[in-house]
Amino acid sequence: MSLPPLVSATRQIFKKMFGGPPVIMAHAPGRLNICGEHTDYNGGLALPLAIDRHAVVAVKPADSSRIRAYAMAFDEQIEWMPGHAPENLPPWASYINGAVTQFQEDFGLKGGIDIVVNSDLSIGSGLGSSAAFGVSIALALQILSPRKIKVADLPAYCQQMENSYMMVETGVLDQTIAIFARKNYALRIDFTSGTRTLEPLRCKNCQFVVMESTESRQLATSGYNERVAWCQSALIKSRKILRDQIRNLSGIKSSQLAHLKSGLTPHELSIVRHVVTENERVDICARALVKGDMTTLGTALNEAHASMRDDLEASTERLDFLVETAQSQTGCLGARLVGGGFGGSCFALLESDQVESFIAVMSSAYEKKFATGLPIYPVASDDAASVWRVYD
Ligand code: GLA
């Protein structure tokens, strides 16, 4: 669904559920990260773009001090008092509860709310759905709060909200692109300096196509936190070995990897190698994009997948099957898994005139191998999140 019908459907549902229109609506896009996975919490580089799939929220302050929330994806309505939520709240409602409680404490939000959350991003598909929800909810709540948060502080604020209420130590990649994206550009982010540069997407006659493995996963119960822990212990040891107080793993040069070999565990060494080589690949991809050099871009994507699979150990049988099958198709310039890994999605960079046949071949190969359908679709770049008042 494109954004206007998704917004209009969300407004209609709100009216139906709560007997009148919302006062505020907001949306935030999902993302496709061209390159730079698990680099954000290591002070590294990434190159995401926002995609034309979104989370949308509709909100109205409530007369009572309760939260009444409806999630379209689960067709579920729940009501509770903020700060006194029942223990068995589903994750989507617990996210809303966390956001409301946080805005009450930090920005003076008062009373309850009625809220509808809707999305055409599959949840847990590795396309930044969680951050898109968090950012759209935060944008709506900050309009209703007397004290405001600066836009520049919003990504880190939403990240911290997600970390505390979803029990996962994710970085700030997804929130940053949701808030600072621009259509037809990728965003090169340097997580040490905080620098962001828009890089024009010169993908001449090429198309990104997403494939969802449908192995949905909650990052909290995946190996994500374990990878964060490997990086933390690798950093402590690397500082000692290199006798250098590097700020993060991105301070390590590829020429130093050999010195670390004897002092790190195999897992730590390979995750450091992933971070160091992934940062290099981000700049290879950024330069290739700007030049419109799709062959170099595709090769870097294939190498990024191999690093995610072998050094980060974050791929799965289904993702490897999809990526390898994609890489061997005519017109496929490169493919790799996207996001945190451990399930979720991958994408391929395709010559535009091959998209139709690629979709047909991939769908039938996946069905044959795993006896299940493959959600597969082209994605286009899109603009950042926004929030607006509703007058009818
Ligand atoms: C998830 C996290 C991000 C980032 C990616 C991997 O999407 O939310 O912070 O770490 O995984 O690059």
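Couple of notes before you dig in:
- All of (1) open to solvent by 50 Å² or more (accessible area, probe 1.4 Å); (2) touching a residue at least 40 places away in the same chain (Cβ under 8 Å); (3) more than 30 Å from GLY334 (Cβ to Cβ); (4) assigned to a loop (DSSP other than H, G, I, E, B) hold for PRO22 with one exception: (1).
- Residue within the stretch 323-344 that is open to solvent by less than 20 Å² (accessible area, probe 1.4 Å), under 28 Å from PRO200 (Cα atoms) and in a helix (DSSP H, G or I) present: yes
- The set of residues in the stretch 173-197 that are of a type in the set (A, V, I, L, M, F, W, C), within 12 Å of the ligand (Cβ to nearest atom) and open to solvent by 30 Å² or more (accessible area, probe 1.4 Å) contains only PHE191.
- Flag not set for ARG53, criterion: away from the ligand (no atom under 16 Å from the Cβ), open to solvent by 20 Å² or more (accessible area, probe 1.4 Å), touching a strand residue (DSSP E or B) at 6+ places or on another chain (Cβ under 7 Å) and not assigned by TED's automatic domain parsing to the domain that holds GLY339.
- Taking residues in the stretch 145-160 that are within 14 Å of the ligand (Cβ to nearest atom), and partners anywhere that are of a type outside the set (Val, Ile, Thr) and in a loop (DSSP other than H, G, I, E, B), the pairs with Cβ atoms closer than 9 Å and at least 6 places apart or on different chains are GLN159/GLY171.
- Contact annotation: residue pairs with Cβ atoms under 9 Å, 6 or more positions apart or on different chains, pairing a residue in the stretch 356-380 that is under 14 Å from SER213 (Cα atoms) with a partner that is basic (Lys, Arg), are TYR366/ARG318; LYS369/ARG318; PHE370/ARG318; TYR377/ARG53.
- Among residues of the stretch 130-146 being open to solvent by 10 Å² or more (accessible area, probe 1.4 Å) and more than 16 Å from PHE180 (Cα to Cα), the one that is farthest from the chain's Cα centre (by Cα) is PRO146.
- Applying the condition of being over 20 Å from the mean Cα position of the chain (by Cα) and charged (D, E, K, R) to the stretch 345-392 and asking which residue is most open to solvent (accessible area, probe 1.4 Å) yields LYS368.
- Checked against (1) open to solvent by less than 50 Å² (accessible area, probe 1.4 Å); (2) part of a loop (DSSP other than H, G, I, E, B); (3) within 16 Å of the ligand (Cβ to nearest atom), CYS203 passes all but a single condition, namely (3).
The values are calculated or read from the model by the stated rules, or taken from the named source; none is laboratory data. Predicted model, so just to flag it, every value in this text is computed and none were measured. Glycine gets a Cβ as well: all are built from the backbone with ideal geometry, and neighbour counts include every protein chain shown. Surface areas here come from the heavy atoms of the whole protein model, side chains and all, with no ligands, DNA or RNA. Shrake-Rupley method; radii C 1.70, N 1.55, O 1.52, S 1.80 Å.
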